[in-house]
Amino acid sequence: MKAAYINQTGPPDVITYGDLPTPKPIRSQCLIKVAAVDVNPIDVYIRSGAIPANLSFPYIIGRDLAGTVIERGPKVTRFKVGDRVWATGQGAGDRSGTFSEMAVVDERWLHLTPANVSDEDVVAVSLVGITAHLGLLSHAKLKAGEVLFVNGGTGGVGSSVVQMARILGARVITTAGSDEKVGECRKLGAELALNYKTQDVDGAIRKFAPDGVNVWWESLREPNFERTIPLLSMRGRMVVMAGRDARPVFPVGPFYTKDCSLHGLAMFNATTEEQDAAAQDINRWMADGKLKARVDRILPLSKAAEAHRIQEESTIHKKSLLAGKIVLKP
Ligand SMILES: NC(=O)c1ccc[n+]([C@@H]2O[C@H](COP(=O)([O-])OP(=O)(O)OC[C@H]3O[C@@H](n4cnc5c(N)ncnc54)[C@H](OP(=O)(O)O)[C@@H]3O)[C@@H](O)[C@H]2O)c1
């Protein structure tokens, strides 16, 4: 089968597109004919070596996939041949990556794809959707009527946070780096969408939410607590989920005197049961048309190195090249 893989970490051109043996499903694994995969910033960190990971080479890159079950291991009970499924959380531990024509995935990681949702759309929501769900419901416990802020409303995580917060009945403030993207944020359901490059974001937040923001979703890798804590409401919650090397100043006084709380979130810590519970809501919301994928572009799998280059430029070097996910098709 064709696959995109690396034999060492390094820049995007360490990614090879070539032939690897087709895997055989054992125990409770399903063999999936892959229809779509996508790129996440964590793929870039792993491929570049920025995150020390215990990789065995050749290492097939990629976390997420959507496709169809074509063969079952002897212990599979929940899925049958022909089921359309999606998964995230692959390419870690003993789990193989997803950027290949075929992939084996243990059934614990699989979720059925709703009949009216495409493989491209469901894969674009997979990792970022589960992240948003865990952060909003399990961590921040967002309630209807509350005000939520998230940066980058057309980004991978940001676009899921905006839409899910709306589904949960919150009032959403978000930002984007161009007026065109600001318009997209409004279409996703943001009540207040601001251009962070040209507008006074903090002033607009204070005007919109004079009592403060109830949930601040910090998606930037350089959180600035001196700026954001004064914008939180009494009992405000903040979610931090990016910036492994960040060591910002933390103003304790203004934080504890408002009974605020801070929630660290790494979606890969969630159990498969927790992820599956989130996936059920995601499936229902996507099937109902309430949660939409933001696909920036679709490339052939052979362009995996180019996809990594674009994601790296956009997210890590802040070139704002993307408004959503890069999806690839074998
Ligand atoms: N902890 C977890 O479980 C978890 C899960 C998924 C992702 N992450 C991390 O979360 C971060 C975001 O991931 P992603 O997939 O959403 O990336 P992404 O699609 O590249 O989105 C990044 C967003 O940040 C916005 N942005 C950049 N600079 C900004 C600034 N100065 N002010 C306001 N907004 C700014 C961008 O807006 P414009 O494009 O409009 O400029 C873009 O929408 C990454 O660091 C990733 O590693 C963590």
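The values are calculated or read from the model by the stated rules, or taken from the named source; none is laboratory data. These numbers come from a predicted model, not from an experiment. Cβ coordinates were reconstructed from backbone atoms using ideal geometry, including for glycine residues, and neighbour counts include every protein chain displayed. Note: areas computed on protein heavy atoms with side chains; ligands, DNA, RNA excluded. Shrake-Rupley method; radii C 1.70, N 1.55, O 1.52, S 1.80 Å.
Here are some notes:
- Meets criteria (surrounded by fewer than 14 Cβ atoms within 10 Å (Cβ to Cβ), at pLDDT 95 or above and in contact with a strand residue (DSSP E or B) (Cβ under 6 Å, 6 or more places away or on another chain)) for D202: no
- Only one of the numbered conditions (1) more than 30 Å from N214 (Cα to Cα); (2) open to solvent by 20 Å² or more (accessible area, probe 1.4 Å) is violated by F99, and that is (2).
- Of the residues making up the range 157-173, those that are open to solvent by less than 20 Å² (accessible area, probe 1.4 Å) and either near the ligand (Cβ under 9 Å from one of its atoms) or in a helix (DSSP H, G or I) (or both) are G158, S159, S160, V161, V162, Q163, M164, A165.
- Condition check for V85: touching a Pro at 6+ places or on another chain (Cβ under 8 Å), within 23 Å of K33 (Cβ to Cβ) and not in a loop (DSSP other than H, G, I, E, B): no
- Checking K292 against (1) assigned to a helix (DSSP H, G or I); (2) crowded, with 17+ Cβ neighbours inside 10 Å, the condition it does not meet: (1)
- Qualifying residue in the range 270-290 (condition: over 16 Å from M164 (Cβ atoms), modelled with pLDDT of 95 or more, under 20 Å from the mean Cα position of the chain (by Cα) and within 16 Å of the ligand (Cβ to nearest atom)): yes
- Among the residues listed as I42, I51, the single one being open to solvent by 10 Å² or more (accessible area, probe 1.4 Å), within 20 Å of G129 (Cβ to Cβ) and among the hydrophobic types (A, V, I, L, M, F, W, C): I42
Let's see how each residue does on (1) assigned to a loop (DSSP other than H, G, I, E, B); (2) buried (at least 17 other Cβ atoms within 10 Å of the Cβ):
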position: L31; (1), (2): no, yes
position: F57; (1), (2): yes, no
position: R63; (1), (2): yes, yes
position: F79; (1), (2): yes, yes
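- Checked against the criterion of being of a type outside the set (F, W, Y), part of a loop (DSSP other than H, G, I, E, B), open to solvent by less than 40 Å² (accessible area, probe 1.4 Å) and within 11 Å of the ligand (Cβ to nearest atom), the candidates G189, G152 yield just one match: G152.
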